[in-house]
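Participant: This is the structure, below, for whatever I ask next.
The values are calculated or read from the model by the stated rules, or taken from the named source; none is laboratory data. Source: prediction; values computed, not measured. Heads up, the Cβs are rebuilt from the backbone with ideal geometry, glycines too, and the neighbour counts pull from every protein chain shown. For the accessible areas, the whole protein counts, side chains as well, though only heavy atoms, and no ligand, DNA or RNA atoms are used. Shrake-Rupley method; radii C 1.70, N 1.55, O 1.52, S 1.80 Å.
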Amino acid sequence: MCLEPFASAGSFPESPQGALTVWPLQLIFHTIGWYLLYEDDQVGQAEGLIRSERLDRLALARSEGGLRRSPEEHRRSLQRVERLLHHCGGIYFGEELAPQLAIASSSARLRDTALETLRFSCTASAFAFIREGVARYPIEHTRFSLPLAGDRWWRHPRAPHVLRPNGKDDSHPYPVELDLPSWTLACDVDLRNWLFGFGGELRIEAP
């Protein structure tokens, strides 16, 4: 299938330009609109970069009705989509194939090579919201602060409260760590909106 973004549509600096030759994979509703998840058709390669684009920003330029992939190839690509959605916490999957394949791998050791740790500390008010969000990012790559002495707040039974708190004299006593793909930390708009929405109640410490 050949798609072409509308010239007047919004785009990011890293968005692909011109005609796109793709394998459509899945429609997904995200935040405010429908998005098409698709795989770049990399001639001569078994796998292409998986991307997302707002459906209303795309026009169908050409459909190659005689070209089809096998059900097994399509199934493998959908498995990659599921793993990317799980580990990224959003629908931005980066711009490089090798780290994307690492994140989508079934090997935890290979995934770890493409993950970076985001660390920030919170006020009590912000931490009350953040510790409830156990489904926002992979629970196995999330670490929350332990309570301070005397804290009596509710803890989700699955939440990994394992980090030592900074101390009562710290304005932001509760640390949080998330292991995320490097492209998510660098460019993901959803992550930035979530973090910056807390304003001064979050102190970003790494990277």
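Participant: Restricting the search to segment 154-175, which residues are more than 26 Å from the chain's Cα centre (by Cα), open to solvent by 50 Å² or more (accessible area, probe 1.4 Å) and touching a residue at least 12 places away in the same chain (Cβ under 8 Å)?
Facilitator: Arg164, Asn166, Lys168, Ser171
Participant: Would you be able to tell me the number of residues in segment 102-139 that are aliphatic (A, V, I, L, M), within 25 Å of Ala46 (Cα to Cα) and crowded, with 17+ Cβ neighbours inside 10 Å?
Facilitator: 5
Participant: Within the group Arg83, Arg51, Arg57, which residue is at pLDDT below 90 and either more than 21 Å from Ala114 (Cα to Cα) or within 16 Å of the chain's Cα centre (by Cα) (or both)?
Facilitator: Result of the check over Arg83, Arg51, Arg57: Arg57.
Participant: Moving on. Residues of segment 144-176 being farther than 13 Å from Phe127 by Cβ and among the charged types (D, E, K, R), which ones?
Facilitator: Listed by number, the residues that qualify are Arg152, Arg158, Arg164, Lys168, Asp169.
For (1) within 24 Å of Ser52 (Cα to Cα); (2) more than 14 Å from the chain's Cα centre (by Cα), each residue gets a yes or a no:
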| position | (1), (2) |
| --- | --- |
| Gly94 | yes, no |
| Ala98 | yes, yes |
| Arg109 | no, yes |
| Ser121 | no, yes |
| Ala126 | no, yes |
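Participant: Specify which of the listed residues (Glu53, Glu95) is in contact with a Phe, Trp or Tyr (Cβ under 8 Å, 6 or more places away or on another chain), touching a residue at least 40 places away in the same chain (Cβ under 8 Å) and open to solvent by less than 70 Å² (accessible area, probe 1.4 Å).
Facilitator: Exactly one residue qualifies, and that residue is Glu53.
Participant: Looking at this structure, is Leu180 farther than 28 Å from Arg51 by Cβ, surrounded by 18 or more Cβ atoms within 10 Å (Cβ to Cβ) and not β-branched (Val, Ile, Thr)?
Facilitator: No: the conditions fail for Leu180.
Participant: Is it true that Pro138 is touching a strand residue (DSSP E or B) at 6+ places or on another chain (Cβ under 9 Å) and within 20 Å of Glu116 (Cβ to Cβ)?
Facilitator: It is true that Pro138 is touching a strand residue (DSSP E or B) at 6+ places or on another chain (Cβ under 9 Å) and within 20 Å of Glu116 (Cβ to Cβ).
Participant: Would you mind finding the one in Ser70, Ser15 that is surrounded by 13 or more Cβ atoms within 10 Å (Cβ to Cβ), of a type in the set (Gly, Ala, Ser) and at pLDDT below 95?
Facilitator: When all the criteria are applied, what remains is Ser15.
Participant: Would it be correct to say that Glu47 is part of a loop (DSSP other than H, G, I, E, B), in contact (Cβ under 8 Å) with a residue 40 or more places away in the chain, open to solvent by 50 Å² or more (accessible area, probe 1.4 Å) and touching a strand residue (DSSP E or B) at 6+ places or on another chain (Cβ under 8 Å)?
Facilitator: Yes.
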